[in-house]
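Below is one structure, written out as structure tokens; the observations come after it.
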Amino acid sequence: MVSDVAARPRKPPVGSRTRHRPKRRIWPRVWHFLSFGAPGVLIYVCFVLVPIVVSFGYSLTNYNPFNPPTKFVGLRNYQLMLQDDTFLTSLKITTILTAIVVIVPNVVGLGIAVLLDRNGWLYNALRSVFFTPMVLSSVVISVIWTRMLQDDGPINDVLRAIGVQDPPGWLSDPDIALYSLATVLCWQMLGFCVVIYLAGLSGVPKELLEAASIDGAGPIRRFWQVTWPMLAPALTVNTVVLLISAFKIFDHVQVITQGGPGTGSTATIAFLAIQTAFVDNHQGYASAEAIAMLVVIAVLTTISLGVLRRREVNL
Amino acid sequence: MKKILALGAALTLAAGLSACSVGDNNGGSTTQPSGSGAAAKKEITFLVFETDNLTPKFWDDNIKRVSEKVGVTVKKIVAPGDRTAYAKQLLASGQFPDVQIGLQDLPSFDGSGNLAEFSDEDLQPFLCPKCSAIKGRTVQLPANTQTWQVFYRKSLFEKAGISAPPKTYAELLADAEKLKGKGVQPFVIGGNPSWGSSLPWTGELTTDLYAGNPEWMHQRRDGKVKFDSPEFLKATKKFADLAAKGYLNKKDLGQSYDASQAAFLDGKGAMYPMGSWFAAASDASKVKDDIGIFAWPADDGSFHLPSFTGGGLTVNAKSPNVDIAKKFAVAWQTDKDYLDTSAVADALFPAIKGYTLPAKDGTVFKAVYDLYRQAVDQNATVPSFGWEQGDDGMIAGMPDKWNLSAQDIITGKKTPEEVLKYLDTEWDKSS
């Protein structure tokens, strides 16, 4: 007890506060910040913030590197965009694609995660199998699926073998191609959803499930009343990641359909922006399309996060 | 410890700031010393593209030989996809290569002064020095001639009771009907890249538009004519009719260029409208003796052959090594070994004075070349719609839209009238 009192720091006498105050050394802190924080900050500024600001600047011009001089046009690109059928079609296509990619992997991934939420080598192996598409390059996946979906590809071969005389043109029919593309994206993103939901399921306390069981709740009621609410954070992560990934999709479109068949059947906003910039040479207008995409993603993500986080808080 | 932290921070800042700095707009050309004390050997960058015909070995062998001849180090850059779009990306990011091959949309590149003009002396070895020129300036070496015709499988024609290739458009339709009646797909087309689906339309426009008015594209650029005109509509309706009658299989739009080529060589269709470069793959196949060719027939049976001369090397006008780059470009295009290998590998017809093709009698390549010579002798060559360059070509962005519109017609998504209105609207937007 005595030693505790002795070890306690003494209060400095009144009036001596400024004289005895330990010197606050600022430079070590600055150096610490620079050495640890600067790399991340610099990368973020150089590769995220600066390009966004520069793109926004370009979007206010008629910038065409092949047709100088560049002139400031204010919001004219944005006004034109809202009357441009090509852009509006691509916005519609991107929205449909995003809706499918947000809903389907979430629903199917949840179901698979529930089925795989068991111990054993088989379940571990199956988890790896479902996650594999996620780690593969999008281009590799796109090339594989392009071969699969061709008219004389394995899928139609199987359909013909079972008696379908005229199987669908998965990539050649403009009414189907968008859904073929969405299927490929769903297939790739499914593993991600499964892993996130499995992580969420592992965090559901067994005591709660046992208590619900003792109270007479069956498996379905236990899932909806106990498990599903506890998966709210996993749903938030999956929804936001899928939404962002789907809305800015480019590589699959470039490899599988190149925006076709025909004009605009599968041309997403990101694909259209690249075409506008590097085929049509209208880089100012393309920057406006890219900024519009950024704004839409930001708004949708903010709304989704707001709604889903509120659900988490209500738990 | 403090010193280490300070040094780390300083290095990080330096690295970060250097990453932020703006690159040199003059492209990737640098000078590189060949050794200590030795005179500096210049290095130039060369944008190429690879296909089944133009393999990495093809480029490496030719680059090695020609660069040694010129005395320059050449760094090869391979376009990952569309070479013109890739060149635009490189230009926009300040990395435009010193030399490029087969660049399209030349007016866009040249409009901002990025392409060097070749002098009369440079162009002296070329047969058509002003082919693909822009306002009289030759910025792309007019190195090769390509033609577009219909390749057909003789055995499938015989199966349908057709003894000879069609000479009029009515015969073409009758033959297509006979083939269809025998369960043979009349035409094979491709969908990816999209130009694979517009080649029959090029054929229709050859006979119905360019044969009567070879200046049509110049007039369109001047705003004197529109896509939505009677001649264009007639050709487009004939193209739409081929799709409506099932002679063109809309499911082919799902197949790549390689797959469409394989489909024709595998006998999955009887006719394959394609460029002369397909002769190389034909001759390399087991069915080369079963492949014949004919020009897209006109209603009245007159002979017209779409052709294009150009497609050679272009040079970055802002390169610090522009002179050596031009020297390399001319040396490349006039190198006999390169011309021989490109004629064999890609079935190109070098448009070089005094050059004679390697003897290849009895081949598809020979037949295609003979057809071209016949067209030249009869003054029957016309521009190839969708493939023109320089002042003869469409404005930036339009070839892609035109190719994709062909798919809209094949799938029935749009009527010919709707397509032509769309093309006029897009042209006005692009210009």
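Structure values in brief
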| read-out | value |
| --- | --- |
| Evaluated at q = 0.13, 0.14, 0.18 Å⁻¹: base-10 log I(q)/I(0), Debye formula over Cα of the range A:13-170 | -1.09, -1.13, -1.25 |
| Selected from B:342, B:260, B:163 as most flexible by GNM, with chain B as the system and alpha-carbon contacts under 10 Å | B:163 |
| Rounded tilt (10° steps) of B:322-334 against the dominant C-alpha axis of chain B | 40 degrees |
| Separation in nanometres of the label points that stand 7 Å from Cα toward Cβ, at residue A:143 and residue A:36 | 4.4 nm |
| Simple spin-label estimate for residue B:284 and residue B:245 in nanometres, 7 Å along Cα-Cβ | 3.4 nm |
| 20 Å-binned pair-distance histogram of chain B (Cα, whole percent) | 24, 53, 19, 4, 0 |
| Residue A:221 paired with residue B:112, simple spin-label distance in nm, labels 7 Å along Cα-to-beta-carbon | 6.9 nm |
| Choice from B:104, B:261, B:124 showing the highest fluctuation, given a GNM over chain B with Cα pairs closer than 10 Å | B:124 |
| Compactness of the range A:76-313, expressed as Rg and Dmax over alpha-carbon positions, Å | 20.8, 68 |
| Candidate aspartates and glutamates for bridging to residue B:154, where Cα separation is under 20 Å - those fewer than 8 sequence places away on the same chain excluded | B:171, B:175, B:177, B:266, B:283, B:289, B:290, B:361, B:370 |
| Residues of type lysines that residue A:71 reaches as a straight line, Cα spacing below 24 Å, ignoring anything fewer than 8 places off in the same chain | B:88, B:318, B:429 |
| Residue A:124-residue B:428 FRET efficiency (beta carbon distance; Förster radius 60 Å; 0.05 resolution) | 0.50 |
| Subset of B:76/B:353; B:69/B:135; B:135/B:327; B:75/B:327 violating a 25 Å alpha-carbon distance limit | B:76/B:353; B:69/B:135 |
| Cα centroid separation, the range B:187-258 to the range A:81-120 (Å) | 37 Å |
| The protein assembly as shown: calculated mean residue ellipticity at 222 nm from DSSP helix runs of at least 4, using -39500 (n - 2.57) | -16500 deg cm²/dmol |
| Over the range B:79-175, volume per residue of the alpha carbon convex hull, in Å³ | 182 Å³ |
| In the range A:116-190, the trypsin sites (Lys or Arg not before Pro) that fall in loop regions by DSSP, at most 11 other Cβ within 10 Å | A:118 |
| GNM top mover of A:25, A:222, A:76 - chain A, alpha-carbon springs below 10 Å | A:25 |
| Sites residue B:266 and residue A:187, calculated FRET efficiency, Cβ-Cβ separation with R0 30 Å, nearest 0.05 | 0.55 |
| Ranked B:268, B:64, criterion: other C-beta atoms within 10 Å, fewest first | B:64, B:268 |
| Residues in the range A:239-282 that a label on residue A:54 would reach, taking backbone N under 19 Å of a point 7 Å out along Cα→Cβ | A:273-279, A:281-282 |
| Difference of contour (0.36 nm per residue) and Cα-Cα distance, residue B:378 to residue B:336 | 12.3 nm |
| Sparsely packed trypsin sites (Lys or Arg not before Pro) within the range B:102-174, loop by DSSP, other Cβ within 10 Å at most 10 | B:135 |
| Backbone N under 16 Å from the residue B:302 label point (7 Å along Cα→Cβ), restricted to the range B:223-240 | B:231-232, B:235 |
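Here, each number is a calculation from the coordinates, and none is a lab measurement. Because the structure is predicted, anything quoted here is derived from the model rather than measured. All Cβ positions, even for glycine, are placed from backbone atoms using ideal geometry, and neighbour counts span all protein chains on display.
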